[in-house]
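The values are calculated or read from the model by the stated rules, or taken from the named source; none is laboratory data. The model shown is predicted, which means the values in this text are computed figures rather than measured ones. Cβ placement follows ideal geometry from the backbone for every residue including glycine, while neighbour counts extend to all protein chains displayed. Note: accessible area is taken over every heavy atom of the protein model, side chains too, but ligands, DNA and RNA are not part of it. Shrake-Rupley method; radii C 1.70, N 1.55, O 1.52, S 1.80 Å.
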Amino acid sequence: MLMNILSLQNADLSNKTVFLRCDINSPINPRDLSILDKSRLIEVASTIRKLNNCKLVVASHQGRLGKSDYISMNQHAITLSELLDRTVKFVPDVIGPAVITEIQNMDNGDILLLDNLRFLAEENSEMSPEHAVNSHLVKKLSPYFDVCVLDAFSTSHRSHPSIVGFAELMPAYAGTIVEGEVKALQNIVQNPDMKFTAILGGAKIPDRLKSIQKLINAGRIEKTLLGGLIGNTFLAASEQVPLSSTSIDDKNSIQTAKSLLEQYPDKFILAEDVAVEVDRKRTEKKLVDVDPSDKIFDIGAITIQNFSQQIDHAENIFITGPLGMFENQEFRLGTVEILNKLANSNAKTITSGGHLSAVLEQLQLKDKIYHVSTAGGALIRYLTGEELPLLQALNNSATRYNQR
């Protein structure tokens with residue numbers, strides 16, 4: 001399946017109307033709703049530059065229903081225009097008459113960005129390609145497109161209409177992001193014996209717990225090093241620090257972490273010391289010295305050294321999420337030190353997620369990492385060998401149109 005996808009390198013899209021399903025879902029500042037990290041927009045801009053001689057309709061989702069990041073795409077159009085030095089016209093609609101009119105009036109070289117796909121209820125649901133073809137989105141817009149380009153690797157594990165529907169009706173090409181991910185990871189995916197030292201951080205606790213279980217069940221894990229809020233969850237589960245110091249109140253997640261520690265005690269390496277805030281400054285403490293009034297915001301120097309020793313003995317490393325509250329200068333140390341260690345190690349390292357990508361960019365370390373991906377859950381599922389709907393859609397399209 002992995003090799004049977006159509007590439008933009010062999011595509012002549014001149015004068016055609018192209019639907020580009022990308023993923024420019026970005027972290028949003030809850031205070032002013034501004035874009036905090038442009039990593040995915042920068043990536044997608046590289047694909048758009050290869051689509052400069054067609055009528056290009058760009059579509060993505062942003063945020064989740066009920067969350068503060070569930071917003072319109074207007075500022076995404078502005079940012080893309082700045083990155084491309086070309087006008088990206090925003091239309092505040094997805095499938096209505098305004099969209100149809102704009103598409104019909106496009107000239108070659110024009111770029112149109114639709115509003116948040118998830119403003120359509122059906123784009124929040126999983127469905128088969130057969131059902132996706134009959135979705136409002138695909139039925140309304142497909143008559144106006146000649147081909148589609150799928151470049152939403154970070155959403156490739158979702159079987160949403162925009163991901164799997166259009167490819168049933170027209171030739172579907174892999175965008176540069178998807179093609180790059182497949183080429184970089186294909187040998188790893190096809191080698192079930194390859195194992196990783198996983199370094200897991202970040203704040204998406206339920207997602208991280210699922211990731212750990214998937215990677216362990218797939219036989220991909222040698223050791224798991226834990227930091228960030230997911231690390232705090234395991235510290236809470238191990239009862240080595242006061243629960244109040246972890247900022248974790250999700251009892252289900254704590255119980256899941258406890259079960260994992262009991263099932264796979266040899267797979268996990270937790271922090272031995274942590275950084276807490278005292279008078280707005282970083283103060284490091286061993287676990288036994290953490291007070292109920294303390295708040296854990298980073299791993300400490302002893303833990304950084306322990307993790308570094310594990311990295312020295314690792315052949316393959318997978319890291320996702322920061323190891324502390326890295327947006328605060330006082331608590332960047334764990335994330336920065338470990339990324340520097342990875343960049344200068346002999347291990348083959350894969351980083352996952354937009355936050356780490358942004359930090360690597362700031363530290364000018366991207367070129368020293370084997371593969372930097374802004375994808376999260378999709379990347380983990382891919383590494384476990386799980387079939388991804390987006391790649392299956394590309395495969396089916398390539399087979400249907402008898403091209404390689």
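Points worth noting:
- Cut-off under 5 Å, modelled amide H: who pairs with Val147 long-range: Thr17, Phe19
- Mean-position separation - Cα centroids, region 164-196 and region 80-115, in angstrom: 28
- Sequence of Arg118, Arg280, Arg86 from largest to smallest accessible area, 1.4 Å probe: Arg280, Arg86, Arg118
- Rounded to 5, the percent of DSSP beta bridges in region 1-118 classed as antiparallel: 10
- Against the main long axis of the alpha-carbon atoms of the chain, helix 354-363 sits at an angle near 70°.
- Working note: Karplus 6.51/-1.76/1.60 with θ = phi - 60° gives region 259-269 the couplings 5, 5, 5, 6, 6, 10, x, 7, 8, 10, 10 Hz, where Gly and Pro are set to x.
- Positive-end ranking of Ala172, Ser308, Ser352 along the dipole of the chain, with charges on Cβ about the Cα centre, is headed by Ala172.
- Amide proton proximity set for Ile199, modelled H, under 5 Å, gap of 5+: Leu225, Phe318, Ile319, Thr320
- Cα centroid separation - region 204-255 against region 340-401, whole Å: 22
- Among Leu114, Leu261, Leu342, the largest mean-square fluctuation in a Gaussian network model of the chain, built with springs joining Cα atoms closer than 10 Å, belongs to Leu261.
- Whole-percent carbon and sulfur share, accessible surface of region 1-40, 1.4 Å: 45
- Across region 328-337, coupling constants 3J(HN,Hα) worked out from phi with the 6.51/-1.76/1.60 Karplus curve, θ = phi - 60°, read 9, 3, 5, 10, 8, 4, x, 5, 5, 5 Hz, and Gly and Pro carry x.
- Per-residue HN-Hα couplings for region 43-58 [Karplus 6.51, -1.76, 1.60; θ = phi - 60°; Hz; x = Gly/Pro]: 4, 5, 4, 5, 5, 4, 4, 7, 10, 8, 10, 8, 9, 10, 10, 9
- Residue among Leu261, Leu365, Ala184 farthest towards the positive dipole end of the chain, charges placed on Cβ: Ala184
- A Cβ-based charge dipole, computed about the Cα centre of region 217-295 with Lys and Arg at +1 and Asp and Glu at -1, lands at about 240 debye.
- Sequence-distant residues sharing a close amide H with Lys348 (under 5 Å, placed H): Asn316, Ile317
- Think of a 1.4 Å ball rolled over the protein heavy atoms: region 1-125 then has 45 Å² of accessible area per residue.
- Within region 161-318, DSSP assigns beta bridges of which about 50% are antiparallel (rounded to the nearest 5).
- In this view, the solvent-accessible surface of Met127, computed with a 1.4 Å probe and all protein chains in place, comes to about 40 Å².
- Within the assembled protein chains, the solvent-accessible surface assigned to Glu43 is about 50 Å², based on a 1.4 Å probe.
- In the context of the full set of protein chains, region 348-404 has a per residue accessible area of 43 Å² (1.4 Å probe).
- Fraction of accessible area attributable to carbon and sulfur, region 290-404 (%, probe 1.4 Å): 42
- The figure for Asp85 is an accessible area of roughly 140 square angstrom, using a 1.4 Å probe on the protein chains alone.
- Helical contribution to [θ] at 222 nm, DSSP H n ≥ 4, -39,500 (n - 2.57), averaged over the chain, rounded to 500: -10500 deg cm²/dmol
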